[in-house]
Structures are given as structure tokens and as C-alpha cells.
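Some notes on the structure that comes next.
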There are 2 protein chains.
Amino acid sequence: MSLHSARPLVSAFAACLLVVAATCVQAATDPLPSWNEGTAKARIVSFVQAVTDPTGRDYVPPAARVAVFDNDGTLWSEQPVYFQAIFAMDTVKAMAAKDPALAANPAIAAAAKGDLKALGEVIAITHGNTTSDEFAARVRQWTKTAQHPTLHRRYTELTFQPMRELLDYLEANGFSTWIVSGGGVEFMRAFSQEVYGIPPERVIGSSIKTRYEVRDGVPVIVRLPELEFLDDKDGKPVGIHKAIGKRPIAAFGNSDGDFQMLEWTTSGPGLRLGMIVHHDDAAREFAYDRGSHIGGLERGLDEAGTRGWSLISVKNDWNAVYTPAK
Amino acid sequence: MSLHSARPLVSAFAACLLVVAATCVQAATDPLPSWNEGTAKARIVSFVQAVTDPTGRDYVPPAARVAVFDNDGTLWSEQPVYFQAIFAMDTVKAMAAKDPALAANPAIAAAAKGDLKALGEVIAITHGNTTSDEFAARVRQWTKTAQHPTLHRRYTELTFQPMRELLDYLEANGFSTWIVSGGGVEFMRAFSQEVYGIPPERVIGSSIKTRYEVRDGVPVIVRLPELEFLDDKDGKPVGIHKAIGKRPIAAFGNSDGDFQMLEWTTSGPGLRLGMIVHHDDAAREFAYDRGSHIGGLERGLDEAGTRGWSLISVKNDWNAVYTPAK
């Protein structure tokens, strides 16, 4: 081989090395490794690049980079029923084991059979008539021990790994991420920091009434068995406005309970992002949308296209579903 | 002069230079220049040093460094009446000038004469029946133009310079600072970022009911003329718990409306700081405490000592009161 003919080969080899190296760097620094390459991932990345580019027309200053996330069905699973309902049932059974009068309450058996009115009573029993500190301790204890009936993992291990990567990716790009859920605010706050990296002050949820009291010289926040605010549907934009006082620029949901949150978010001026997690993976998670008793999705499916919202397919867009157990 | 005898002189001169230089450096870097040296300033500085020293026994991680501030009488003046009441009167007069039916409403004249029930009606007229965006624009316009009746400055120029320095000092030391006020949350949010550097999501206040609506295809948050939450007295710990979900470690107030906020804050474990701005400077600001129709302070004065709270004397602790006009 003459020196002359070797040159293109060397060049080709060098070029190839460069391509391989670039690919390696890209793989090593991909902030969303659990997302398959596809339109959902591409839309997220291009949105983040657009709003963070100070020279671009879509630039948004960090203070306005507010992203809101539903919790049940968006950040963790919600089948066969909302995990908070399972918490209520587990808790009332533990309470009944020590309290014969409570054990005789027919609401417990009825709620176990799916009676929603009875479940409401069980929630009032387990969520009210306690202090905030006691309630938080009760939730933390439950999340450490309780297991999902069919998936046999702790509930905090049923959080979606791709969404946790997304939360981190947004935070790394100057966003503040918020949970906006129909679930109870004090229930979620007991684990939001540890599980999602979202501090209590950035969790918006449904709430019951509370009262400040000084008991034997010790100030406490007492939880009353009475609903104060339902953070669902029309309530979500109201809850967002109440807590944040700014309109988000990105919203992520999975059911029609998130419709108004996506509508409120994406109808503001400038570039906006609205995305819906579509549960279409019965093998790895659950498959449900129209007519589901939990997380029903109809209007969102019908209008996503005209409103510019993107679906996230659990089956196709995620190469991993759950966060690896620790 | 022999060389021998000159030596101590040179040393003394060098030592003096060092002292002067150190004083200059201290003055140049004093984060609280509007505070006179005294017990109030010393208590603030030693508290901040203690909770930020990672090797100390009183160390508090940044996420738990939550400091809460009342607004009226603590961050800005509140005499002769709460500035928000003046805003309501100014606004209703401007509205009445364009609306003969409203002009005929006897509540306006009655409120101007100090009738509190009529003032409530004026507040409902001017604060409800509008969208959040319209209301915020109305407040911003007012803060740009309206002037205090006796001090002849814009209201946002009646904020306390020493407290603004304190907010900055705490933020620089990893605290998150929050407003917790009986004033209206949307009223304060219209200027909190610009005036105090506190973003809307860290303003807690009284609120009226709101509703999400889509008007001719445009989503809006509608303000209803009905009180939802009164963030005063017992309501302050409740409001803090609702919005932050953590107990603060430092609280600053000025009236008995702040009593429970100070109590809740300072009764937690670890080092805590509770301080009360005492209005005792009729020459530069106002002098009032017991029996005042606005910002009454009685229980706070009586119990500050036993509860370990410190008074901040406007007269003695502050060498400047108001933020210089821009």
C-alpha cells in the first residue's frame, strides 16, 4: 500500500472515530435515557432548547419556567385504584385491629367491596381527626412497608422512571417543577421530596380543613374530617393560580381530570407544551383510557390533536417504566 | 528618635492600620447597613451564622431555612390605614366616575368616613367581579401613581429599607423568604417581586374565591366577591402549613395578628428566631402599639420576653426607615 492510497483510509477511520465518539458522548449525556427516540422525546427536548436559548424568539426567563405534573397516572401508577385509597383501607384496618368500636363500622367492609360513599367515610376516619405531624408519620410508615397487590413492589417504587428523568431534566434547565394532583396534598408531601425531588412547597393537591391549636402548651395543626378544596378538573387551574400565582408553560397529565390544567397552561402566550401519558401497555403497566373507572381519558384523546397536545405512549415511548427498586 | 524607640510606634501604626482596614472591610461588606449596631442586629447576625455553620450544633440545611414576614407594618407602613384599603377607595372612586349607578352607592361615602362594614362592600366591589389578570393590572397601575396622604410618596416607596436588606441577607444565606400577610394575596403579588424580590409563589395572604372559566374560548380565572381565607392570627400558621408544608425557623411580625405565626415558628425544635417590629418613631414613621386601630400590639409586648422574641425598635435600631425613592 503506498502512502498515497493510505490517506483516504486513514481519513475515513478518523471520521468514523469522530462519529463513534460523538455518539458515545451523546449517549453518556442523554438526560432522558428511558425515553425511546421518537416524537414525544423530540418534542420535549426541542421545547426545552427553545425556551432556554437566550438568543431565540421563544426564550423564557427561568422565573417563568413553571412546569406542572399530575401525580396519579402521570408520575406513578393509579391502578387498580388510587394508591391513596389503598393507604386509607390499610390504615383503617390497622386502626380497627386496636379499636373494636371502629371494627364494627360497616363502612370498612363496604369500602373494601368498592362502595365509594363508604370509602369517603374511611378516608375521613383515616385522614381527619389527627395532627399534620401524626398524619405525615403515618403515610411515611405506610410507604416504607405496604406493597402493591399485583405488582408486589412498594408504592414509591411504582413511580415512572422516564418521568423522574423528565423532572430532573427540567430542573437542570432552570424550570421549577410542581405536582398538581387530585390526591391529598399532605399525603403526597410526605414523600414528594424523597421520591421526586419536589419539595413540599411545590406540591398542590386536594385538602381538608385544618385548624391551629395549642394543646397543653404545644402548637399543632389539626386535620378536620371535612373537604376544603378538590384539586381536580376546573379546580386545577384554580389551585395553580392560588399557590403559584403564575401560569405554567408546560403541563403533563394523563386523564380528563387534567384537561383544564392543560388548557390553562397551553392557552397562554408564547411557546407552550402540553402532554398526556397514554396508558397503552398492559404487559408492563396497565392499559386503559375511555370509560376507565380510574383515570378516564376521552376528551383529551379527542382534542389533543386540535389543541397541539402530544400523547406519550407508555408502550412505544418508554424503554423502562418503573424506577429501579433500591 | 532612636531606632529602638521608633519600633513600638511603627508597630502601633501598623496595628492601627490593620484595625482601620478591618473596619473598612466590615463596613464595605455589612449586609445590614441600615441597622444600627445593637441587640436586634446582633441577634439576627448570630442566628444566621449559627444556622448556616455546617460544623455547628445549630446547623439547618438550606431546604429548611424558611423565614416568614408579615407585610403591613413589618415590610412597609400601615398607617393611617392599610394601604390596600386606600387602594380600594381610590379604585372605587375611579370606577364611580364612569358609572353613575355606582356613584350613587352610599357605601362609598360611608367607607370614606371610616365605616368598616361599608369598606367591606367597597373591597368586594373593587376586588371581586374581575379576572385575576385585570385585577393585577389595576393594582400595578395604582402603585405607579397613587401617593400616601401625609408622607407624599408612592406606597411601594414606603417599604422599610432595613427589612429589604434583611430579606436580601437571608436569601444570600440560603433562606427562602415568604410573605405571610392578612392582606390580599393577589394584591401583594402584583408588586412583591419588583419591590421585595419575593416571587408570587412565596406570597401567602388572605384570598377571595376564584373560579376557572372559558370566556369566548379564552380561559380566565374569575375573582368572586366572597372571602375564602383570612390569613390573620390563627389563620397564619394554617396558611403557612397549607402553602409551604414546613414549619419556618424565623418569623417577623409587628402586631398581635402575627402572634400565632411567631408562636408556631418559635416552638419548633432547634434554634428559632422571632422578632417584632415596634413602631416607636413618630418623627420618621409612626408610633403606636397598645390599642391602635391598625396593628395593635399588646400580647406580643407582654409575652415577647418569656417567649424569647426580640423587639426591633424603629427609632433605635434603624438608621434609615424607608427605601430611597428611585
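Some values worked out for this structure:
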quantity: Residue in region A:265-285 that is of a type in the set (Val, Ile, Thr) and part of a strand (DSSP E or B) present; calculated: yes
quantity: A:Asn316, sole failed condition from (1) under 30 Å from B:Val238 (Cβ atoms); (2) open to solvent by 40 Å² or more (accessible area, probe 1.4 Å); (3) not basic (Lys, Arg); calculated: (1)
quantity: Candidate set from region A:250-272 (those that are away from chain B (no Cβ under 14 Å) and surrounded by 24 or more Cβ atoms within 10 Å (Cβ to Cβ)); member that is farthest from A:Leu311 (Cα to Cα); calculated: A:Ala250
quantity: Scan of region B:225-234 for residues that are open to solvent by 10 Å² or more (accessible area, probe 1.4 Å) and within 16 Å of A:Ala243 (Cα to Cα), ordered by number; calculated: B:Glu228, B:Phe229, B:Leu230
quantity: From B:Gly274, B:Gly245, B:Gly268, residue being touching a Ser or Thr at 6+ places or on another chain (Cβ under 6 Å), without any contact (Cβ under 8 Å) to a residue 40 or more places away in the chain and either of a type in the set (Asp, Glu) or under 24 Å from B:Pro62 (Cβ atoms) (or both); calculated: B:Gly274
quantity: B:Gly239, sole failed condition from (1) in contact with a helix residue (DSSP H, G or I) (Cβ under 7 Å, 6 or more places away or on another chain); (2) open to solvent by less than 10 Å² (accessible area, probe 1.4 Å); (3) outside any strand (DSSP E or B); calculated: (1)
quantity: Search result, residues across region B:112-122 that are open to solvent by less than 60 Å² (accessible area, probe 1.4 Å) and either within 26 Å of the chain's Cα centre (by Cα) or among the charged types (D, E, K, R) (or both); calculated: B:Gly114, B:Leu119, B:Gly120, B:Val122
quantity: Tally, over region B:291-313, of residues that are open to solvent by 30 Å² or more (accessible area, probe 1.4 Å) and among the β-branched types (Val, Ile, Thr); calculated: 1
quantity: Unmet requirement for A:Ala27, which otherwise passes all of (1) modelled with pLDDT under 95; (2) farther than 30 Å from A:Ala283 by Cβ; calculated: (2)
quantity: Residue among B:Val92, B:Val45 that alone is among the β-branched types (Val, Ile, Thr), farther than 27 Å from B:Gly296 by Cα, part of a helix (DSSP H, G or I) and open to solvent by 10 Å² or more (accessible area, probe 1.4 Å); calculated: B:Val45
quantity: Filtered residue count, region B:195-224, keeping only those that are surrounded by fewer than 21 Cβ atoms within 10 Å (Cβ to Cβ), under 26 Å from the mean Cα position of the chain (by Cα) and farther than 30 Å from B:Leu166 by Cα; calculated: 2
quantity: Those residues of region A:165-207 which are over 23 Å from B:Ser267 (Cβ atoms) and either modelled with pLDDT under 95 or charged (D, E, K, R) (or both), in sequence order; calculated: A:Glu165, A:Asp168, A:Glu171, A:Glu194, A:Arg202
quantity: Residues located in region A:170-181, provided they are over 14 Å from the mean Cα position of the chain (by Cα) and under 21 Å from A:His278 (Cα atoms); calculated: none
quantity: Whichever residue in region B:164-182 is farther than 19 Å from B:Pro200 by Cβ and among the hydrophobic types (A, V, I, L, M, F, W, C) and, among such residues, is surrounded by the fewest Cβ atoms within 10 Å (Cβ to Cβ); calculated: B:Ala172
quantity: Helices (runs of 4 or more DSSP H) contained in region A:128-214 and holding at least 3 residues within 14 Å of chain B (Cβ to nearest Cβ); calculated: A:132-145, A:185-189, A:192-196
quantity: Breaking point among (1) out of contact with any Gly (no Cβ under 7 Å at 6 or more places or on another chain); (2) under 21 Å from B:Leu158 (Cβ atoms), for B:Gly270; calculated: (2)
quantity: Count - residues of region A:210-227 that are in contact with a helix residue (DSSP H, G or I) (Cβ under 9 Å, 6 or more places away or on another chain) and at pLDDT 95 or above; calculated: 9
quantity: Residue in region A:273-290 that is surrounded by fewer than 21 Cβ atoms within 10 Å (Cβ to Cβ) and within 12 Å of another protein chain (Cβ to nearest Cβ) present; calculated: no
quantity: In region B:234-261, the residues that are of a type in the set (A, V, I, L, M) and out of contact with any Gly (no Cβ under 8 Å at 6 or more places or on another chain); calculated: B:Val238, B:Ile240, B:Ala243, B:Ile244
quantity: Cross-chain or 6+ apart pairs with Cβ under 9 Å, region B:59-86 first and within 14 Å of another protein chain (Cβ to nearest Cβ) and closer than 30 Å to B:Thr145 by Cβ, then open to solvent by less than 20 Å² (accessible area, probe 1.4 Å) and among the acidic types (Asp, Glu); calculated: none
quantity: Residues of region B:286-326 satisfying the condition of being over 15 Å from B:Thr74 (Cβ atoms), at pLDDT 95 or above and assigned to a loop (DSSP other than H, G, I, E, B); calculated: B:Arg290, B:Gly291, B:Glu298, B:Gly308, B:Asn319, B:Ala320
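Okay, residues lined up against (1) open to solvent by less than 70 Å² (accessible area, probe 1.4 Å); (2) closer than 30 Å to A:Arg247 by Cβ:
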| residue | (1), (2) |
| --- | --- |
| A:Asn36 | yes, no |
| A:Lys41 | yes, yes |
| A:Ala63 | yes, yes |
| A:Val68 | yes, yes |
| A:Phe87 | yes, no |
| A:Pro100 | no, no |
| A:Ala107 | yes, no |
| A:Asp133 | no, no |
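To keep it simple, each residue is scored yes or no on (1) of a type in the set (A, V, I, L, M, F, W, C); (2) touching a residue at least 60 places away in the same chain (Cβ under 8 Å).
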residue	(1), (2)
A:Lys93	no, no
A:Ala96	yes, no
A:Asp115	no, no
A:Ala124	yes, yes
A:Gln141	no, no
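The values are calculated or read from the model by the stated rules, or taken from the named source; none is laboratory data. Not measured: the values here are computed from a predicted model. All Cβ positions, glycine included, derive from the backbone under ideal geometry; neighbour counts span all protein chains shown. When the accessible area is computed, the model is the full protein with side chains, heavy atoms only, and any ligands, DNA or RNA have been set aside. Shrake-Rupley method; radii C 1.70, N 1.55, O 1.52, S 1.80 Å.
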